[in-house]
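The values are calculated or read from the model by the stated rules, or taken from the named source; none is laboratory data. The structure presented is a predicted model; accordingly, all values stated were derived computationally and were not measured. With ideal geometry, Cβ positions are generated from the backbone for all residues, glycine too; neighbour counts draw on all protein chains shown.
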């Protein structure tokens with residue numbers, strides 16, 4: 001049975017021209033025609049890069065005009081003022097060497113401060129003990145009447161010098177090194193006190209002042225001098241033993257003039273020793289130097305040099321009176 005026309009129209013899709021009834025229905029769009037695949041274009045051979053342009057020929061120094069009479073301005077090359085730097089790779093080891101030098105310099109300065117601080121304390125203790133023997137009449141009279149005390153202090157001083165010089169564990173281990181150095185300083189002060197009681201207080205003070213002045217001047221000389229005394233340590237050691245032999249000869253002959261010569265030579269030799277030991281402590285460009293761990297040994301060397309110079313100057317002053 002046929003359906004009515006209205007029912008058939010409800011089942012049909014809406015016309016395309018429902019919104020714009022004046023337009024006719026359009027057909028479906030056709031795809032654009034695609035071109036056939038073409039092969040890749042051939043790469044044309046590239047020419048080699050042209051060489052660097054050659055500079056214009058330079059005219060002769062006297063040639064300021066060309067053949068046509070036009071002034072010639074010589075071309076300038078802006079590359080002339082550019083300094084070509086070395087194309088070698090940077091040397092990074094130089095930076096590490098500079099850092100090592102800086103750290104060594106800092107350690108050396110701290111070592112020098114520690115040595116001289118220890119030396120100043122030793123000298124102050126020694127001067128205090130000497131003043132006690134000079135100005136305390138009871139102690140002065142007792143030291144003059146007991147010569148065994150001088151020999152006992154001399155033996156104790158020699159033993160402590162050997163211990164501090166030969167036993168590395170003793171002079172490097174804290175506080176054992178300061179204990180032994182303090183004992184040595186006290187015994188050396190007592191030894192010097194028992195010796196100075198045989199001289200007048202004025203002579204002792206003159207000797208102390210002269211020793212301080214000489215030591216200060218020699219220390220400055222050692223810091224500023226270009227001469228390396230550490231390289232001549234063997235020769236100085238031989239001269240020192242020659243001086244010891246000459247001292248034994250003076251003790252046998254007992255001549256005042258020989259004593260004066262001995263004291264003069266002793267002052268000169270130990271002044272050189274003071275300069276050499278100072279350069280050993282400072283290090284730097286000198287041939288030999290003392291390790292920063294040996295601050296006790298360095299202070300001991302300087303102390304012995306200064307004390308020996310003091311005794312030689314005191315002997316010269318006593319013999320001249």
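Within segment 210-251, being in contact (Cβ under 8 Å) with a residue 40 or more places away in the chain, more than 15 Å from residue 269 (Cβ to Cβ), out of contact with any helix residue (DSSP H, G or I) (no Cβ under 6 Å at 6 or more places or on another chain) and part of a helix (DSSP H, G or I) holds for 221, 223, 231.
Residues checked against (1) modelled with pLDDT of 95 or more; (2) closer than 19 Å to residue 300 by Cα; (3) not in a helix (DSSP H, G or I):
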residue: 121; (1), (2), (3): yes, yes, no
residue: 124; (1), (2), (3): yes, yes, no
residue: 129; (1), (2), (3): yes, yes, no
residue: 134; (1), (2), (3): no, no, no
residue: 139; (1), (2), (3): no, no, no
residue: 144; (1), (2), (3): no, no, no
residue: 156; (1), (2), (3): yes, yes, no
residue: 159; (1), (2), (3): yes, yes, no
residue: 163; (1), (2), (3): no, yes, no
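Mind telling me which of the residues 220, 265, 300, 248 ends up being under 36 Å from the mean Cα position of the chain (by Cα) and under 30 Å from residue 167 (Cβ atoms)?
Values: 220 fails: under 30 Å from residue 167 (Cβ atoms); 265 fails: under 30 Å from residue 167 (Cβ atoms); 248 fails: under 36 Å from the mean Cα position of the chain (by Cα).
After ruling out the rest, the residue left standing is 300.
Residues in segment 128-153 that are closer than 27 Å to residue 178 by Cβ, surrounded by 15 or more Cβ atoms within 10 Å (Cβ to Cβ) and in contact with a helix residue (DSSP H, G or I) (Cβ under 8 Å, 6 or more places away or on another chain): 129, 130, 133, 139, 149, 150, 153.
Just for segment 279-297: of the residues that are in a helix (DSSP H, G or I) and under 16 Å from the mean Cα position of the chain (by Cα), which one is surrounded by the fewest Cβ atoms within 10 Å (Cβ to Cβ)?
Filtering segment 279-297 down to residues in a helix (DSSP H, G or I) leaves 279-282, 295-297.
Those still in the list that are under 16 Å from the mean Cα position of the chain (by Cα) too: 279-282.
Details: 279: 25, 280: 22, 281: 25, 282: 20.
Checked segment 279-297; the qualifying residue surrounded by the fewest Cβ atoms within 10 Å (Cβ to Cβ) is 282.
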